[in-house]
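Encoded as structure tokens, the structure appears first; notes follow it.
The values are calculated or read from the model by the stated rules, or taken from the named source; none is laboratory data. What you see is a predicted model, and the numbers here were worked out from it, not measured in a lab. SASA here: full protein model, heavy atoms, side chains in, ligands and nucleic acids out. Shrake-Rupley method; radii C 1.70, N 1.55, O 1.52, S 1.80 Å.
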Amino acid sequence: MMTHITALGRWGIDTLEQLGKAGLLLFRVIFRVPNVKKGLPLTLQQVYAEGVLSLLIIVVSGLFIGMVVALQGYHTLAKFGAAQQLGPLVALSVTRELGPVVTALLFAGRAGSAVTAEIGLMKATEQLSSMEMMAVDPLQRVISPRLWGGFFSMPLLTMIFNTVAIYGAYLVGVKWLGLDAGAFWSNMQTSVDFHADVINGILKSIVFGLVVIWIAVFQGYEATPTSAGIAGATTRSVVYSSLAILGLDFVLTAMMIGGW
Amino acid sequence: MLSQRTIESFVGLFLLAAIMALLLLAFKVSGLTSFFKPAGYDVSASFDDIGQLKVRSPVKVGGVLVGEVSSIVLDPSTFKAVVTLHINSRFNEIPDDSSAGILTAGLLGDNYVAITPMYSQTFLKNGSEFQETHSAMILEKLIGQLIYKLSNSSDKATASTSSTEKPAENTTASSENKTEKPKATIAPVSGTPKLEKPKTEVTLHENN
């Protein structure tokens, strides 16, 4: 009995400590004087690794998600004789929910896990300690570019995902199922509001991007420097990111619908 | 490893694609035509009941979009909803004795403000107010009136009506239906046969 209570207490303190370390890491990366000359090329490299290389999976899944939402939506709407409303259905569900959430989940799987594994391996092979030996701050050289790269990539990926998904829906709804193209776009334009739907969706994606890349960087930085440790850190990175995305999505949606 | 130059141009392309996507989202998907209000003038109209009218609801003349609702406030003394309409300056020759009404697009669609032009030679300008307005039709109220009429007419049908009831009904009908006159005349006509039909069916059932 006593040992269980002790274990629970230790678990609680450990969790709190991890949270504190994660907060400190984020604080130390964000609140530092940026070194533009050295930091910018490194950040651009990370935008390439995390953003540009994720484009393929984002575009393909965006296309198919738009197509499948249009197909499902068309058959349900047609039952009520409201197939003309397919445009609003797809545009609202993609810009508000599917775009930010699915992009963030894919981003966590594609880029977040890679960042964790990379940093974890750097730690296991003692590259981070050797940097410190050479008076190079690993936070500035390794962590900060990855964090900013992910932070900038996520909203851009979401915008591309949204557009591709809506064009996928256009492909299915108009080109295949034979809806009127004018009605498709004009109904969409009357019911989608730029600020309430598009901008709020992008705001969500900015928050998700920061959370995903923060978790990824932290899990890599604090990984146990063994092969099993890196495997565990990568798994935790994806699992925690996904849970955080879905939980935060609910909170953010509630805030946005409540008008802040 | 790619050279820094290649990486940077790829990132540039990526950024460009994202900006294109955002522009498409803005103009093609959300129909954002301008970030600023189009030039125009504000006129106000006070309604007893605005229904589901919202800020940014469309304002139409003969079905053509001429402006949008820019604000809705409650007058604290008369308890009427004062709706400010922002009308595009292209449509600057709307007669000032026109009436404004709140209509519904389709059966269950959104509300919009419809302006019915009249024949005055002076035109609406910034700050003018509509003299004649028609409130939104609230479905619940209409149904309430219909049921009230039905129950009254069924009373008439079953028991011969007493003379005291008749004038009372007339006054309520005339006071409530100033603007919705066609509805008031239609309701009893369509209502009475409907109510009598089930009655005959019920009796048939009992006989069987």
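For the range B:39-140, relative contact order (Cα pairs under 8 Å, six or more residues apart, normalised by length) works out to 36 percent. What helices does chain A have that are whole DSSP H segments, at least 18 Å long along their own axis by Cα, and with mean Kyte-Doolittle hydropathy of 0.0 or more? Taking the DSSP H segments of chain A (at least 18 Å long, mean hydropathy at least 0.0), we get A:2-30, A:55-79, A:144-170, A:200-221, A:227-257.
Per residue, the convex hull around the alpha carbon atoms of the range B:39-140 comes to 96 Å³.
Backbone amide hydrogens, once placed in the peptide plane, bring B:LEU85 within less than 5 Å of B:VAL43, B:SER44, B:ALA45, B:SER70, excluding anything fewer than 5 places away on its chain. Solvent-accessible surface of protein heavy atoms, probed at 1.4 angstrom with all chains present, puts A:TRP185, A:TRP148 in the order A:TRP148, A:TRP185, largest first.
Database remark: amide H of B:LEU124 closer than 5 angstrom to the amide H of B:ILE94, B:ASP96 (H placed geometrically; neighbours at sequence offset of 5 or more, or on other chains; Pro and chain starts carry no H). Once divided by 2.2 N^0.38 Å, the Cα radius of gyration of the protein assembly as shown becomes 1.39. Ranking A:VAL69, B:VAL83, A:VAL60 from most to least accessible surface, computed with a 1.4 Å probe over the protein chains only, gives A:VAL60, A:VAL69, B:VAL83. All Cα-Cα separations within chain A were binned at 10 Å from zero, giving a P(r) of 7, 26, 29, 19, 12, 6, 1, 0, each value a whole percent of the pairs.
Relative to its residue count, the range B:80-151 spans a Cα convex hull of 130 Å³ per residue.
Would you calculate the volume per residue, in Å³, of the smallest convex hull containing every Cα atom of the range A:23-95? Write out the running numbers ahead of the final one.
Values: hull volume 10.2 nm³, N = 73.
Output value, Cα hull per residue: 140 Å³.
If you wrap the Cα atoms of the range A:114-260 in a convex hull and average its projected area over all directions, you get 11.5 nm².
In the complete set of protein chains, residue-level accessible area for A:ILE257 is approximately 140 Å², probe 1.4 angstrom. Taking amide H atoms as placed 1.01 Å from N in the peptide plane, the amide H of B:VAL61 lies under 5 Å from those of B:VAL66, B:ILE115, each 5 or more residues away in sequence or on another chain. Sorted largest first, the spans of the alpha carbon positions of the range A:116-158 along the three principal axes are 39, 20, 6 Å.
Taking all protein chains as they are arranged and a probe of 1.4 Å, the heavy atoms of A:ARG10 leave approximately 150 Å² accessible to solvent.
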